[in-house]
Amino acid sequence: MKDIILRGTSNDGSIRFWACTTINIVEEARLIHNTYPVTTAALGRILTAGSMMGTMVKSENDKITLQINGKGPAGNIIVVSDKTGDVRGYIGNPFVDLPLNEVGKLDVGGAIGKNGLFTVIKDLGLKEPYVGQVPIVNGEIAEDVASYFATSEQVPTAVALGVRVARDGKVDSAGGFIVQVMPGAAEDIIELIEQNAKNIKSVTEVIPLNGAQGLIKEIMKGVEYKIHETREVSYRCNCNRNRLEKALISIGKKDISEIIAEQGKAELICHFCNKKYLFNKEELQDILKKATQ
């Protein structure tokens, strides 16, 4: 089954929601980055959030970057998405091994840490990108995303994200939902949505049985709603040789000259997909001519 995102609203427009399955996305990330179970869950949760938040931007050229670094052993995690909902991500240290937390779950908060910021960067084609930052709540990702929406965008938001890792390390369930309350929503509807959210014990249990539709049915129980869009999403890196060449140009003539003199070649590796790009001496000399620093 392919990963999908559903987007919709209550019939009166007072509630809007997104729900997704990301099993293939998170498994692809695990294979690329060779993550341990707890870092699979950490990276997978923020990939899931990033995929849904990407579809919230307005223009096809807009993109959104999520970054979280709580000074924990997993290090910095970066995820990039756009209006398609396709997503890519990177984790500083994929090789974190921690005991289960007090409720017997993977200790994502322990891997990420709590001493830092959750940052959202929106590149909307303006002169400067929009940057929103909130202190990390607990490093479990969902609460941090909800805190960002409440603080930086003033939108009351319920967020649930889940990744379940099998004994062999493979991802066997992943996904989540984001539900937002619009101004003027009736109090009884808000209370019902809040109660529904509390009653969903685990998104990773709902997804294998009923998918993203099952999540929506649970969260919107008792509220009439309509789904406006269903789209497939995937792990997708947009790196290419031209982008890496520009990265080399940006380091300046001095550093490029040193690489030519000392190594005679350069190998660049994309953080998001681990693809390698090799530039030989002649190519580096051409790049040196293009450098301006």
- prompt: Counting only the backbone N, which residues of the range 122-150 are under 20 Å from the spot 7 Å out from the Cα of Lys198 toward its beta-carbon?
  reply: 142-144, 146-147
- request: Calculate, for the chain, the solvent-accessible area per residue in square angstrom, rolling a 1.4 angstrom probe over the heavy atoms of the protein chains.
  value: 50 Å²
- prompt: How far is helix 142-152 tilted, in degrees, relative to the longest principal axis of the Cα atoms in the chain, given as a value from 0 to 90 rounded to the nearest 10?
  reply: 90 degrees
- request: Select one label from (i) 1.07; (ii) 1.03; (iii) 0.98: the one whose number is Rg/Rh (Cα atoms, Kirkwood Rh) as derived from the coordinates shown.
  value: (ii)
- line: Normalised Cα Rg of the range 180-293, dividing by 2.2 N^0.38 Å with N its residue count, works out at 1.96
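For the range 56-207, what is Rg from Cα atoms divided by 2.2 N^0.38 Å, rounded to two decimals?
Normalised Rg, Cα atoms only: 1.11.
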Note, ³J(HN,Hα) from phi for the range 157-174, Karplus 6.51, -1.76, 1.60, rounded to Hz, x at Gly and Pro: 9, 9, 10, 9, 9, x, 9, 10, 10, 6, 4, 7, x, 6, 7, 10, 7, 6
statement: With Ala146 itself left out, Lys, Arg at +1 and Asp, Glu at -1 over residues whose Cβ is under 13 Å from its Cβ give -4
query: Which ³J(HN,Hα) values, rounded to whole Hz and listed in residue order, are derived for the range 67-76 from phi using the Karplus coefficients 6.51, -1.76 and 1.60 in 6.51 cos²θ - 1.76 cosθ + 1.60 with θ = phi - 60°, glycine and proline given as x?
result: 9, 9, 8, x, 6, x, x, 6, x, 7
- prompt: Given a Förster distance of 51 angstrom, what is the FRET efficiency for Ile190 paired with Lys281, based on the Cβ-Cβ distance and rounded to 0.05?
  reply: 0.20
- request: Please work out the C-alpha center-to-center distance from the range 97-113 to the range 245-293 and express it in whole Å.
  value: 40 Å
- line: Taking only the alpha carbons of the range 1-78, the radius of gyration and the largest Cα-Cα distance, Dmax, both in angstrom, are 14.6, 45
query: Roughly what angle does helix 37-54 make with the longest principal axis of the chain, taking Cα atoms, 0 to 90 degrees, to the nearest 10?
result: 80 degrees
- prompt: Taking Cα atoms, how many degrees apart are the long axis of helix 23-33 and the longest axis of the chain, rounded to 10 and kept between 0 and 90?
  reply: 30 degrees
task: Return P(r) of the range 123-197 (all Cα-Cα pairs; 10 Å bins starting at 0; whole %; ordered from short to long distances).
output: 16, 34, 31, 16, 3
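Quick one, can you get me the convex hull of the C-alpha atoms of the range 1-140 expressed as volume per residue in Å³? Spell out each step's value before the answer.
Numbers: hull volume 19.5 nm³, N = 140.
Given the Cα convex hull of the range 1-140, per-residue volume reads 139 Å³.
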message: Can you show me the helix-derived [θ] at 222 nm for the chain, built from DSSP H runs with n ≥ 4 at -39,500 (n - 2.57) apiece and divided by the number of residues, rounded to the nearest 500.
response: -11000 deg cm²/dmol
field: Amide H contacts of Val233 (H built 1.01 Å from N, under 5 Å, at least 5 apart or other chain)
entry: Asp3, Ile4, Ile5
task: Let me know the Rg and Dmax you get for the range 252-293 when you use only its Cα atoms, in Å.
output: 10.9, 29
message: Once each part is reduced to its C-alpha centroid, what is the distance from the range 31-66 to the range 138-214 in angstrom?
response: 15 Å
- prompt: What lysines sit close enough to Lys198 to cross-link, taking a C-alpha to C-alpha distance under 23 Å and skipping anything fewer than 8 places away on the same chain?
  reply: Lys105, Lys217, Lys221, Lys226
statement: Highest mean packing first, using Cβ neighbours within 10 angstrom, the peptides 268-277, 133-142 sort as 133-142, 268-277
- prompt: Cα convex hull of the range 61-133: how many Å³ per residue?
  reply: 103 Å³
message: Show me, for the range 107-116, the HN-Hα J-couplings you get by feeding each phi into the Karplus relation (A = 6.51, B = -1.76, C = 1.60, θ = phi - 60°), rounded to Hz, glycine and proline as x.
response: 7, 4, x, x, 5, 7, x, 10, 9, x
- prompt: What does the charge count near Arg16 come to, summing +1 for each Lys or Arg and -1 for each Asp or Glu among other residues with Cβ under 13 Å from its Cβ?
  reply: -1
query: Non-local amide H neighbours of Gly113 (under 5 Å, H modeled in plane, Pro and chain starts lacking H): which ones?
result: Gly72
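The values are calculated or read from the model by the stated rules, or taken from the named source; none is laboratory data. Computed from a predicted model, the values in this text were never measured in an experiment. Cβ atoms come from the backbone with ideal geometry, glycine included; neighbour counts cover every protein chain shown. Calculation scope for accessible area: heavy atoms of the full protein, side chains included, ligands and nucleic acids excluded. Shrake-Rupley method; radii C 1.70, N 1.55, O 1.52, S 1.80 Å.
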